[in-house]
1. Using packing as a proxy for protection, rank 642-652, 57-67, 294-304 so that the peptide with the highest average count of other Cβ atoms within 10 Å comes first.
2. How large is the Kirkwood hydrodynamic radius of the stretch 238-364, counting all unique pairs of alpha carbons, in Å?
3. What shape does the stretch 511-559 take by its C-alpha gyration tensor, where a ≥ b ≥ c are the square roots of the eigenvalues and a/c under 1.5 counts as rounded, a/b above b/c as prolate, and the rest as oblate?
4. Order by neighbour count: F107, F396, F306, fewest other Cβ atoms within 10 Å first, most last.
5. Taking N as the number of residues in the stretch 309-408, what is its Cα Rg relative to 2.2 N^0.38 Å?
6. More than 14 angstrom separation, counting every C-alpha pair in the stretch 272-311; what % is that?
7. Test of understanding: ordering V101, V360 by Cβ neighbours within 10 Å, fewest first, what list do you get?
Amino acid sequence: MSPHTANQATSCTPDVSASCPEVAALRCLPLELEKQIEDLRSANRELEASRNKYALLYDCAPVGYFTFDRNGVIKSANLTGAALLGHDRTALTNQHFRHYVAAEDRFMFVDFLRMVFLGSNKMTCRVKLSVNGRPPLHVRIEAMAAGIGDECHAAMLDITERKQWEEYLRESEYNLSKAQSMSHVGSWRSDPLTGELRVSDELLRIMNLSREETTPEVLTSLIHPEDRESVMARLQQGTEQGVSYEIEHRLLLKDGTSKWVYSIVEPSVNIARQVIKLYGTTQDITERKQGEVRLRNKKNELQAIFDSVNDGVIVFDHTGSVQHFNHICPQFFPEDVLSGAGCRDLFHPDTDCSPQICPVEQALRGERVETSMVSVREGHNTRYIDITANPIKDEFGEKTRALLFLRDVTQKRVHEMQLIQTEKMSSIGVLATGIAHEINNPLTSVAGYAEALLRRFRDEPAMIEDSRLEVFPKYLEVIVREAHHCKGIIGSLLNFGRKSDGMLGTVNINGLLLEIIDLVQHQPSYAEIEIISDLLEHMPAILGDSSGLRQVFMNLMINACHAVHDGGKITVSTSYSEDDRVLLVQIRDTGCGITHDVIDRIWDPFFTTKEVGEGVGLGLALTYNIVKRHGGEITVESHVGSGSTFTILLPA
């Protein structure tokens, strides 16, 4: 009967329940049962949905789940666990798990499983799985016995990648430790807020400390007292401002030894720019510092040797560029050219390379070179330089350098050329004396015949009356006069060129001076110079060497002529002091004068201010010696631009 029918019946029939409660209860029982069944069905559906959800989570979890019995037999496994073992989970049921464990870890797993069933707490172990055809896996197993005591539940996590990273980390730490030990570099880390300090083993070795006694205070106390203030100031600056810095300082260790260290400090800051960590490396540079000291000492020693050499010394690198030079080199080349210059700038500016003539390029090829060069610099005199180039080979024989010695041989070369010129002049003097002898004889004949013709004109008046011959006497007088004049010059020349025999005799000073003046006046190059003679009459004679004194006066006259320009004057004067019985000879010129820096050197042999070929620097030296040999004195007074006066005092 349907509910609707029942309702109708209820409404149509009398209410029996009102008189019989038991009947009413029986009638309501089916309704309650139906409701309970529906609730049960709904609960079952929810339970099934929850079971399916958790089964899905169980199977798809990133962790492998297993159930083992006491013997390690697999009772159940989720999909992840089966995937870790490389089998379908239905095939894993009733299989011994130890068959999947690498041989070296099986005993450890069996002992681990035994301990799990003996206790009630969760336990952990790490084993390596070895599955055929697959790379080995490292897993971590956490297991706990079930309540019934015959099973345990285990969670297995793949830690292969973590294991590899741990291995890499161990290798890196080992390599870092070795690298620090080899390079003597220690590392440290500190927390400015907590004061926590961590140091490496190498830093402990550098500081000569044990790990137990390493504290910030101890490390601070090891800083050398003279460096402590600056080191702590830099550390405080880095901590407060968060800036990296580098510093070298000394340590004074507990055993009294000192070390040099080089530290790099790098702070780590948070988003608020607050320093939360300080990372540092400290390197033991004691050996380097000691090597630097030895190197500086050696460098100073070599530099002292380098600078004490009176020759110019230049070292060129393997590319031909100047590497070092001593203080003499700027005398040969401008210093701005030497700095960073190459061999091209010094020896062949017109060509990039000159392997045949460049001493540097030849030395870089391993050759030893000795050569010479002429240096012509604007505003400087021509200089002659001898060059010696030697190769400097390195340890491997690859980058050869060049060592050059530069020696100024200008004075030597000038002296050589002056001596050559002297030899030439001496030869010309010998030839001139011979020629003078040859000319003197014809002049004697010319003068004699001219005088004979004059006598004939005087003895035969008829010849004078002939108009065609009226000018002949005048011509003949000129011929006789000039012939005797030439004979006088030649005589003076022969007297000047006559070799001294060293014998002393009576010498007329005025006569010698007149001979010299006569010779000089007839030189074409001195024609524009006015020579004035102011000679004292009745000068007493002296006892001396006439040839030597002629040389003295000639040298002084020639020097005076060289000093004056066109239109200049030379005054030759003599005087006598009866009280001192001394003859005084002065030769004064209006020339350029002598500068103060060289006036004291004019008596030195081979010293000259003249160009090559104009003098050898021996004239005044010989003059000085000859005057001294005669017991006399010679002095000079000169003013630049106003001329010079040479004074000779000779005993009467």
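What follows is calculated from the coordinates using simple rules that are stated; it is not laboratory data. Only a predicted model underlies this, so the values are computations on that prediction, with no experimental measurement involved. Reconstructed Cβ throughout: ideal geometry from the backbone, glycine too, with neighbour counts over all protein chains shown.
1. Put in order of decreasing packing, that is 642-652, 57-67, 294-304.
2. One over the average 1/r among Cα pairs gives 19.5 Å for the stretch 238-364.
3. Note, shape of the stretch 511-559 comes out oblate.
4. Details: F107 11, F396 6, F306 16.
Placing the least packed residue first, the sequence is F396, F107, F306.
5. In units of the globular-protein estimate, the stretch 309-408 measures up at 1.01.
6. 68
7. V101, V360
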